[in-house]
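A quick write-up on the structure given underneath.
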Amino acid sequence: MAKSYEITAMELGPMENFVYLITDVATRQAAVVDPAWDAPQVIKYAEQHNIQITDVLLTHSHHDHVNGVADVLNRYDSQLHLLKHEADFWQAELNKPTLHYGGDNISVGKSSVQILHTPGHTPGSACYLLDGDIITGDTLFVFGCGRCDLQGGDPEQMFTTLKKISSELPSDTVIHPGHNYAEKNVSTVDEQLAGNPFLHFDDREDFVEYRMHTHDKIRSTPYKAIPKNS
């Protein structure tokens with residue numbers, strides 16, 4: 001069956017960010033995920049395709065994912081969504097955002113988006129789960145994962161988060177990451193289990209050592225698959 005929504009990815013800015021539009025096919029209402037760097041381009045695309053941006057979804061509050069929020073909110077009467085844990089961490093003066101907890105659902109037109117609380121990159125990092133798709137921000141990249149050495153990062157939480165994502169989501173779930181760091185733009189959970197080195201660890205301490213001290217010394221972008229037995 002055809003999905004009730006479309007996901008449009010735009011690579012914007014100097015850090016290869018992906019900004020996403022989740023558009024409900026029936027109503028042409030949409031949520032923009034992590035508007036940053038060139039919000040006017042996102043707005044122009046929406047106007048050209050008869051899309052009304054009703055919601056803004058944040059995966060986390062780092063500057064490279066939120067610096068276009070004001071532009072969108074100034075153009076549309078949209079509702080801003082983020083996890084309460086992230087709002088508490090961010091401490092920004094936000095104008096009446098809708099604060100959520102993991103497991104909450106957001107309606108975009110007739111489509112439903114589930115919010116997953118996925119701490120590790122920041123305390124209130126979120127992923128957005130739809131019908132067979134997940135937008136992962138800086139939690140999970142294609143063949144990589146987000147840094148844990150910035151303020152609010154926690155590699156032990158990231159280990160738990162990645163274990164939960166990889167074990168609970170269907171293997172054919174399509175991952176849409178927050179940055180274009182790999183040799184391909186999207187992947188599946190099954191492909192990540194086979195080739196993402198961060199998903200190969202069964203020991204928490206080994207994961208922490210690799211994430212915090214080893215990975216950045218031995219890998220550079222674009223990320224490619226690394227088989228577990230290597």
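Values quoted throughout were computed directly from the atomic coordinates according to the rules given, and no laboratory measurement underlies them. Since the structure is predicted, the reported quantities are computational estimates derived from the model, not experimental observations. Cβ placement follows ideal geometry from the backbone for every residue including glycine, while neighbour counts extend to all protein chains displayed.
A few notes on this one:
- Summarised in one figure, the compactness ratio Rg/Rh of the stretch 86-188, Cα atoms and Kirkwood Rh, is 0.96.
- Dipole in debye (nearest 20) - the stretch 143-230, about Cα centre, beta carbon charges: Lys, Arg +1; Asp, Glu -1: 280 debye
- Fully extended contour minus Cα-Cα distance, from LYS163 to LYS44, at 0.36 nm per residue: 39.0 nm
- Unit charges at the beta carbon, dipole of the chain: most positive-side option, GLN157, HIS62, TYR128: TYR128
- Only the Cβ atoms of Lys and Arg (+1) and of Asp and Glu (-1) were treated as charged; on that basis the dipole of the chain about its Cα centre amounts to roughly 260 debye.
- Spacing of the two label points (7 Å from each Cα toward its C-beta) at HIS63 and THR27, in nm: 3.6 nm
- For the cross-link pairs LYS3/LYS164; LYS3/LYS224; LYS84/LYS217; LYS3/LYS84, the ones whose C-alpha atoms lie over 32 Å apart are LYS84/LYS217.
- With the simple spin-label model, which puts each label point 7 Å out from Cα in the Cβ direction, the THR221 to ASP202 separation comes to 3.3 nm.
- Neighbour net charge for LYS3 - beta-carbon separation under 14 angstrom, K R +1, D E -1: -4
- Net length gained if the chain between LYS96 and ALA194 were fully extended (0.36 nm per residue, minus Cα distance): 31.1 nm
- Shape of the chain, Cα gyration tensor, a/c cut at 1.5: prolate
- Taking a ≥ b ≥ c as the square roots of the eigenvalues of the Cα gyration tensor, the stretch 34-162 is prolate, since a/c reaches 1.5 or more and a/b is larger than b/c.
- Alpha carbon centroid spacing (whole Å) that separates the stretch 196-221 from the stretch 30-99: 31 Å
- Model label sites at ASN185 and ALA9, defined 7 Å from Cα along the beta-carbon direction, differ in position by 0.6 nm.
- Residue by residue, the stretch 14-19 carries 3J(HN,Hα) couplings of x, 10, 6, 6, 9, 9 Hz when phi is fed to the Karplus relation 6.51 cos²θ - 1.76 cosθ + 1.60 (θ = phi - 60°); x denotes Gly or Pro.
- Summing charges over neighbours of HIS200, with a neighbour being any other residue whose Cβ is under 15 Å away from its Cβ, gives -1 when K and R count +1 and D and E count -1.
- For the stretch 129-230: rounded, prolate or oblate by the Cα gyration tensor [a/c cutoff 1.5]: rounded
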